[in-house]
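Single-structure report; data block below.
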Amino acid sequence: MVPTYDSMLHVFDLDGTLADTAGDLMGTLDYIMVQEGFAATPLDDARSLLGAGARALIVRALAAQDETVSPQRLEDMFQRFLAHYETRIADDSRLYPGVVEALDALAARGGFFAVCTNKIERPAKLLLEKLGIADRFAFICGQDTFGVAKPDPTPLLRTIEAAGGAPGRAIMIGDSKTDIATARAAGVPSIAVDFGYTDRPVIEYGPDRIISHFSELAAAAAEFY
């Protein structure tokens, strides 16, 4: 029997989940860091640095060099990061294989979608537009949309509400400890991709299910219906 996805809201993280964005994020980070007199950061470090938003990315990159800056200088670096990032937001960023096909399959069975990311809302929407899938989502939530970031459950719960869903009929799909903790705090099941941005294997954080390709998403999600 084909499972029904009717009225099930699938809430996705963005960086490291729907799209591989490390090239553009780390390229922007290097642009800002070098301008400020710091060293560039190896792309191989992306998995441990990304996932909490641009401001946290800058702080983590500085910490990796045993550096700190004043709050005002950090804010200036953050604002310049956002401005530069928008000029190259999809130069090297790509959807992970199978994303479009997975959305098509779930939508054909009545599922619908939202995004809850720690990216700032404006670049999150711009990136999804550039990748050609912005119109697939009933609501797109960024770190600044509700004034609080994951792993606080508030942005996820308010995203579910804004998208027209209900916590009892929602799933969080993400790539990191942050997404898994957010889902747990919100009382929502989590599916983790194992190819995203995390410095430790996602299995260590206890997601409800793990997938290695978006072709596995429908089957994994069906277990919660």
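The values are calculated or read from the model by the stated rules, or taken from the named source; none is laboratory data. The shown structure was predicted, so the numbers you read here are calculated from the model rather than taken from an experiment. Glycine gets a Cβ as well: all are built from the backbone with ideal geometry, and neighbour counts include every protein chain shown. Just the protein is used for accessible areas: all its heavy atoms, side chains included, with ligands, DNA and RNA removed. Shrake-Rupley method; radii C 1.70, N 1.55, O 1.52, S 1.80 Å.
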*If we scan the range 81-89, do we find a residue that is of a type in the set (Phe, Trp, Tyr) and under 30 Å from Glu161 (Cα atoms)?*
yes
*Which residues, taken from the range 121-149, are touching a strand residue (DSSP E or B) at 6+ places or on another chain (Cβ under 9 Å) and either open to solvent by 50 Å² or more (accessible area, probe 1.4 Å) or assigned to a strand (DSSP E or B) (or both)?*
Lys125, Gly132, Arg136, Ala138, Phe139, Ile140, Cys141
*Only one of these is open to solvent by less than 40 Å² (accessible area, probe 1.4 Å), assigned to a strand (DSSP E or B), touching a helix residue (DSSP H, G or I) at 6+ places or on another chain (Cβ under 7 Å) and farther than 15 Å from Gly51 by Cβ: Ile171, Ile210, Ile160. Name it.*
Ile171
*Qualifying positions in the range 41-51 - assigned to a loop (DSSP other than H, G, I, E, B) and either touching a Ser or Thr at 6+ places or on another chain (Cβ under 9 Å) or surrounded by 14 or more Cβ atoms within 10 Å (Cβ to Cβ) (or both)*: Thr41, Leu50, Gly51
*If you take the residues of the range 189-207 that are buried (at least 22 other Cβ atoms within 10 Å of the Cβ) and either at positive phi or small (Gly, Ala, Ser) (or both), which of them is nearest to the chain's Cα centre (by Cα)?*
Gly196
*Considering (1) surrounded by 17 or more Cβ atoms within 10 Å (Cβ to Cβ); (2) in contact with a Gly (Cβ under 7 Å, 6 or more places away or on another chain), say which one Ala186 fails and leave the rest.*
(2)
*Go through the range 114-127 residue by residue and tally those that are touching a residue at least 60 places away in the same chain (Cβ under 8 Å) and farther than 17 Å from Gly51 by Cα.*
1
